[in-house]
Amino acid sequence: MFPQNNIVLIGNSVVEQSKSIAHLKKRVINIDSYNDEDLIGEAYKNPNPYGLVNDDVLSILKDLNLKKSETLIIVSSGYERGKNFHKELQSYGKIIGNSSKTIKNLQDHKSLILKLQRNNIKTPEIFSDIKGIHKSVLIKNSYMSGGLGIKKLKDDSEECSKDEYYQKYIEGPVFSILFISDNKKNYKIIGVNKIYNKKTMFSDFCFSGALSNVEINEDQTQCLKNMINFFINDYGLVGINGIDFIINKDVYFLEINPRITQTCFLYDKAFNDGFIDAHINASLNDILFVDKKRCSHIACFENLFAYSSFVIKTDLKEFSFVSNIPKINNHIEVGEPICTINSISDDEKKAKKLLLDNISLVKDKLITAEII
């Protein structure tokens, strides 16, 4: 447990975080870009679509006038560029997790890839000249995560912006591994997820869902342990973090998420008081506790996205398996998420089947909405 009474959650989808910490009877303040119906605690809208820390977030915190010594802040999105928002955010409370310097260093993809190669960690090839090979090339953005900004290269004439780079496209299933680490560089693996994505207006590979407790072989597990050790030793990662990877004969590193991710809630019961409490205690008190036997079940979810813009007129609170529920009369733009559909079972096939059934129920309810 920790003594601070105010917990500030900043991101673009913090519903599950607010649920994870609600039972601790702290003051929970959600600063979220969607401000969904099922947020638990106080809710404040951040107009930034990615939930980034910006002047609007700082203005909200200033108006709240929280006591700095009694406030913890968790950022699960990132920081708007232009000025040192991490430093300014520190004036309102203790930031839990990795520093802005660490995050900035991890966004330097050229330096990161060189370090990965020196540590015998495989990663898709980076190109400077793409003539004649555009069919197997992606354009990626150094400052975005969750698949946002990833595009398949259409032809040789398509150029990168200053924040983008060319990377080889590798076929294969995509996974993520979650781990929690303390300030002494100890860590525990939380779980491995199968990751799903969809094509939206924001990305050709937008993160759209996951399946928990995926089993991989010993060689693959050892590769992932090497990756985790590298990031902890070279970058000092603390709290809950995630690594995205692809399996194609070998294990290839894709992306590091140095923050709470959208898959963490799948393992909430593996911790004594939920994943947010575990994240805080690992960062503040060097306490690591994970009991995977508590959540050995298979859980999965899928985000539904809008194919065209519409105004939500349907109340989805009647469904116990729906989360990130939009408020009535909210306007949802093309490509934006509508809601999240969940399922859980002791069997993978049953969990997947139940998820499809739940999606059908919601689609029937949202008959006027166009869904991807």
In the set Ile96, Ile130, the lone residue that is among the β-branched types (Val, Ile, Thr) and without any contact (Cβ under 8 Å) to a residue 60 or more places away in the chain is Ile130
Apart from one, (1) under 24 Å from Phe2 (Cα atoms); (2) more than 17 Å from the chain's Cα centre (by Cα); (3) among the β-branched types (Val, Ile, Thr) all hold for Ile276; the odd one out is (2)
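List the strands (runs of 3 or more DSSP E) inside the range 11-124, counting only whole elements, that have at least 3 residues being acidic (Asp, Glu) and either closer than 25 Å to Leu237 by Cβ or assigned by TED's automatic domain parsing to the domain that holds Pro258 (or both). Quick ask: steps written out before the conclusion?
Working: elements: 27-32, 42-45, 71-75, 94-96.
Fully inside the range 11-124 and qualifying: nothing.
Taking the range 67-81 only, how many residues are surrounded by 19 or more Cβ atoms within 10 Å (Cβ to Cβ) and out of contact with any Lys or Arg (no Cβ under 6 Å at 6 or more places or on another chain)?
Our first condition is that a residue be surrounded by 19 or more Cβ atoms within 10 Å (Cβ to Cβ); within the range 67-81, this holds for 71-79.
Next cut, out of contact with any Lys or Arg (no Cβ under 6 Å at 6 or more places or on another chain) only: 71, 73-75, 77-79.
Looking only at that region, the number is 7.
Can you tell me which of Lys269, Lys199 is modelled with pLDDT of 95 or more, outside the structural domain of Lys19 (by TED's automatic domain parsing) and either surrounded by fewer than 20 Cβ atoms within 10 Å (Cβ to Cβ) or among the basic types (Lys, Arg) (or both)? Quick ask: steps written out before the conclusion?
On the way: Lys199 fails: modelled with pLDDT of 95 or more.
Exactly one residue qualifies, and that residue is Lys269.
For the range 328-369, how many residues are hydroxyl-bearing (Ser, Thr, Tyr), in a strand (DSSP E or B) and under 21 Å from Glu37 (Cα atoms)?
Within the range 328-369, the first condition is being hydroxyl-bearing (Ser, Thr, Tyr), and the residues that meet it are 340, 343, 345, 360, 368.
Cutting the leftovers down to in a strand (DSSP E or B) gives us 340, 343, 345.
In the following step, the residues that additionally are under 21 Å from Glu37 (Cα atoms) were identified as 340, 343.
So the answer is 2.
Can we say Leu39 is closer than 13 Å to Asn12 by Cβ and among the aliphatic types (A, V, I, L, M)? Give the steps one after another, and end with the answer.
Values: closer than 13 Å to Asn12 by Cβ: yes; among the aliphatic types (A, V, I, L, M): yes.
Yes, satisfied.
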Among the residues of the range 22-52, the number that are buried (at least 23 other Cβ atoms within 10 Å of the Cβ), among the β-branched types (Val, Ile, Thr) and closer than 25 Å to Leu304 by Cα is 1
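Look at Ile325 and say whether it is hydrophobic (A, V, I, L, M, F, W, C), assigned to a loop (DSSP other than H, G, I, E, B) and either farther than 20 Å from Arg259 by Cα or modelled with pLDDT under 95 (or both).
Working: hydrophobic (A, V, I, L, M, F, W, C): yes; assigned to a loop (DSSP other than H, G, I, E, B): yes; either farther than 20 Å from Arg259 by Cα or modelled with pLDDT under 95 (or both): yes.
Answer is yes for this residue.
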So, first residue assigned by TED's automatic domain parsing to the domain that holds Asp346 in the range 294-320, second residue among the basic types (Lys, Arg) and part of a strand (DSSP E or B), Cβ within less than 7 Å, six or more apart or across chains; the pairs are Phe305/Lys198
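Being assigned to a strand (DSSP E or B) and of a type in the set (D, E, K, R) is the filter here; which residues of the range 229-267 pass it? Let's see the steps before the verdict.
Quick first cut of the range 229-267, residues assigned to a strand (DSSP E or B) only: 239-248, 250-257.
Hits for the range 229-267 are Asp244, Asp250, Glu255.
Against the condition without any contact (Cβ under 8 Å) to a residue 40 or more places away in the chain, surrounded by 17 or more Cβ atoms within 10 Å (Cβ to Cβ) and within 24 Å of Asp273 (Cβ to Cβ), how does Ser18 come out, does it pass?
It is true that Ser18 is without any contact (Cβ under 8 Å) to a residue 40 or more places away in the chain, surrounded by 17 or more Cβ atoms within 10 Å (Cβ to Cβ) and within 24 Å of Asp273 (Cβ to Cβ).
The values are calculated or read from the model by the stated rules, or taken from the named source; none is laboratory data. Computed from a prediction, not measured in an experiment: that's the story for all the values here. Cβ sites come from the backbone with ideal geometry, for glycine too, and all protein chains shown count toward neighbours.
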